[in-house]
1. So how tilted is helix 182-194 from the main axis of the chain? Cα-based, degrees 0 to 90, rounded to 10.
2. Using a Gaussian network model of the chain whose springs link C-alpha atoms within less than 10 Å, name the residue from 140, 112, 155 with the highest mean-square fluctuation.
3. Could you state the angle between the C-alpha long axis of helix 57-75 and the longest principal axis of the C-alpha atoms of the chain, as a value from 0 to 90 degrees rounded to the nearest 10?
4. Please check: in the Gaussian network model of the chain (C-alpha springs, under 10 Å), which one of 104, 131, 53 has the largest mean-square fluctuation.
5. Angle between the Cα long axis of helix 14-29 and the longest principal axis of the chain, 0 to 90 degrees, nearest 10?
6. Distance in nm between label sites at residue 83 and residue 53, each 7 Å beyond Cα in the beta-carbon direction?
7. Could you work out how far apart the two model spin labels at residue 198 and residue 93 are, taking each label as a point 7 Å from the Cα in the direction of the beta carbon, and quote it in nm?
8. Taking the alpha-carbon set of the chain, what are its Rg and Dmax in Å?
């Protein structure tokens, strides 16, 4: 597999080490094949620490989702420089890249599996609602900055962010469940057209 995300590459605490092991095990086994034992195989410290902190894999995975949310929010600067169009493009490019490295695809597939648990487990539903909120908020910030700068039209930032985030989520799911990159590429192209038609202010 490829490299882990930068914030997991060099864990400095027991919690970060557990989160790194969970990430690696998710990429390799997916949700259905994940066990505490398999997480322990990627954990550099005593496996007994896993059972000391978490009773079962779902409790550990919920903690992992919360950790990912914290890292995402910490990575978004309070003020962002640069043109709003470029910033929006960067976000969409990151979410809907033309192709994914093997580990990134495995992790995305595992996250889709985890999201499916939200259909019948309120704990997962709450975590993914928080993830969705954080992503929408990031989009809203960019759109509002673009409106203030006169780059974007006077649209409803929340409605546009909801459409963009829903399209991204659907394309990501199609990508890992459909077995190819066509859905992501097509969605990215259509989002460019949407930005041109709906968001960009006339010169």
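What follows draws every value from the coordinates through simple rules; no lab data is involved. Keep in mind it's a predicted model, so treat the numbers as computed, not measured. Cβ coordinates were reconstructed from backbone atoms using ideal geometry, including for glycine residues, and neighbour counts include every protein chain displayed.
1. The angle comes out near 30 degrees.
2. In this elastic network of the chain, the residue with the biggest mean-square fluctuation among 140, 112, 155 is 155.
3. 40
4. 53
5. 80
6. 4.4
7. The modelled label-to-label distance comes out at 2.2 nm.
8. Gyration radius and largest Cα-Cα distance of the chain: 18.5, 63 Å.
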